[in-house]
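One structure is given below, encoded as C-alpha cells.
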Amino acid sequence: MGGYSGKSVGHPFYLPVWVDEGNYQIEFRNIAENAPANFTEQQDANTNLTHHVAADTVAVEVIGRLYDFHITDISDYNWENVFRKRMGSPEPTGVSYWTGGNGIDGDPRGNLAPYVLPIRPGSHPVQGFRNAAVKTGYHFKFDLKTKGNMFGKQDGIRITPTFSFVSKDGTTRQEVDLYYHRGQERLIRIGSAQDLEKRFVVLNSRLRNVPGTELGDTARYQYTYELSEEERNQGTLAEHMVRFVDQTSHLKTWVGRYDWMILPSQIRTLIGPKTDIPSSVNVDRANAAIQHWYGEYSLPADVYAVSKGTDLESLARQNRLDEKATVFLRGGYIVVNFNIETLRSGNTNAPHLQYIHAPLMNQWQMEGFDNSPVDGQGRSWPMQDGDVVLYHADQSSRNDFQSQVPH
C-alpha cells in the first residue's frame, strides 16, 4: 500500500496515500506506563501528576510527491539492443535509465551504473557502443509518477526543456540556443514565434508497453467519475473499457512544442493501491491516489547550437552565415535538461509540486543524481540537476536514412 511515511521524535508515522492534500491538525499524546484505565490528559506536558497523559496538537500540510522519472526507450537504432530483446521486436528488456540509484525516499532502488541519467557517452552497456550518445531527430520515451490529488481532468505535468553544449572531452559547458530548418524556412530558433512545430504523444503506443491493468483501471475511473450521465447512458462500463484500450489510448495527444510540454490527463493512468484498503475508503479513490504519466521528446534532426543570446540575424545580414559557419558549436554534445512541475486544475501560473526547485527538498538529489559522473576513460562530466539526455551535436538521424548510391 503506497503512502507517506516519516519519523517524529523517534516515532514512525504513516499516512495513507489516499488522504487528500491540504491542511490538517494532528493530535499527539504520550501515555504513562502506569496510567489507569480512566486516565486524564494535560496539554503539552503532564506537570500535574494527577494526569497520566501529555497531549499536543500540531498543524501540518499534506502535500503530494513527484518522483520516479526514468527513460524507457530511445528510437535511435544504436540503442535498440539496450531496450529491446531482439532487433525490430517490441518486447522490452525491462531496462530503464533512472534519475539516480535511489527511490522516492532515498532508499536504494537496485539499478546500478550505467542505468542512471543522463544518457551520455558511457551509458550504453555494450562494449562497441561505449561512445554512443543519441543522434538528433530520434525521440526518447519517459514516464514518471505523482502521489496525491493529481487525478483531475485538468491536472497535468509541465516540462520546460533547456539546452547546454558540453565539449567532446566533457571539460566545458555553456548554455545555448537551438535553431532548426523546416522546409524552406531556415534557422528557426526553438522558443521563438516562428517555432510552431507541434509535438504529440500516444499513450498506448507499440513500444511503450503500458500494462493493460493500468489502462483498464483508468478507463473504469473515467466512466464512473468523469463521464456525464448522458455519456454513460450511451454504453456500458465494459464497452467503455474496450473502447478506451483499443481506440482512445491509441489516439495522438498534443503535448506542446520543442520548448515546452504539458502532459495532460489523456496520457495519465492510475496505479494506486488495490489491497489492504479499509472498508471506510472508496477503492476507486485509493486507486486514483497514485498517477503514472507518459511522455516523449526529441530534438529536430537538423539542429544547430549557438551560444545563448547570439544574434544570428546580424550575421546573416553580413552574409557570414551558412551551415558551416564557426558560430555553430560542433564536436560535442547538446544536453537536454528538464524542469518538471505539476499543474493543478489547469493553473499554469502557480505550479504545485517541483521535481528540483521545491522549497524544502530536491527530488532529483533524493533519488541520487550524480552531478559529476565519470566515464570509462576517467573523464568527469559537468552535469546539472534535470539533465536527461546528451545528443550528438554533429550526428543526425538524417544520416541513417540517406540513400546509399554506388559510384
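The values are calculated or read from the model by the stated rules, or taken from the named source; none is laboratory data. Everything numeric here is computed off the predicted structure, so don't read it as measured data. Reconstructed Cβ throughout: ideal geometry from the backbone, glycine too, with neighbour counts over all protein chains shown. These area figures cover heavy atoms from the full protein model, side chains too; ligands, DNA and RNA do not enter into them. Shrake-Rupley method; radii C 1.70, N 1.55, O 1.52, S 1.80 Å.
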How long are the semi-axes of the ellipsoid equivalent to segment 275-407, from square roots of 5 times the Cα gyration tensor eigenvalues, in whole Å, largest first?
-> 42, 20, 19
Where does segment 123-249 land on Rg(C-alpha)/(2.2 N^0.38 Å)?
-> 1.52
Given Ala219, Thr162, Gly191, which one lies farthest toward the positive end of the charge dipole of segment 160-220, if we put +1 on the Cβ of every Lys and Arg and -1 on the Cβ of every Asp and Glu?
-> Ala219
Averaged over all viewing directions, the convex hull of the alpha carbons in segment 113-153 casts a projected area in nm² of 4.8 nm²
Plugging the Kirkwood radius over Cα pairs into Stokes-Einstein for the chain, at a temperature of 10 °C and a viscosity of 1.306 mPa s, what D comes out in µm²/s?
-> 66 µm²/s
Rg/Rg_globular for segment 205-267, with Rg_globular taken as 2.2 N^0.38 Å and Rg from C-alpha atoms | 1.26
Gap separating the Cα centres of segment 267-296 and segment 52-129, nearest whole Å = 21 Å
If you build a Gaussian network model of the chain, linking Cα atoms that sit under 10 Å apart, which residue out of Asp394, Asp370, Asp311 swings the most?
-> Asp311
For the chain, find the longest principal axis of its Cα atoms and tell me its angle to the long axis of helix 212-221, 0 to 90°, nearest 10.
-> 60 degrees
Magnitude of the Cβ-charge dipole of the chain, K/R +1 and D/E -1, about the Cα centre, nearest 20 debye?
-> 1360 debye
At R0 = 22 Å, FRET efficiency that the Cβ-Cβ distance of Leu315 and Ser192 yields, to 0.05 = 0.85
For segment 312-407, with all protein chains present and a 1.4 Å probe, just round the carbon and sulfur fraction of the accessible area to a whole percent.
-> 47 percent
For helix 237-246, what angle does its Cα long axis make with the longest principal axis of the chain, in degrees from 0 to 90 and rounded to 10?
-> 30 degrees
How high is the relative contact order of segment 127-243, given as a whole-number percent (alpha carbon pairs under 8 Å, six or more residues apart)?
-> 11 percent
Send over a whole-number figure in Å² for the accessible area per residue of the chain, probe 1.4 Å.
-> 51 Å²
Would you mind telling me which residue in Arg257, Arg84, Arg186 has the biggest mean-square fluctuation in a Gaussian network model of the chain, where springs connect alpha carbons within a distance under 10 angstrom?
-> Arg186
In a Gaussian network model over the chain where Cα atoms closer than 10 Å are linked, find which of Val210, Val126, Val389 has the largest mean-square fluctuation.
-> Val126
For the chain the mean separation of alpha carbon contacts under 8 Å (6+ apart) over residue count, i.e. relative contact order in percent, is 22 percent
Would you mind telling me the share, in percent, of accessible area of segment 184-268 contributed by carbon and sulfur at probe 1.4 angstrom?
-> 50 percent
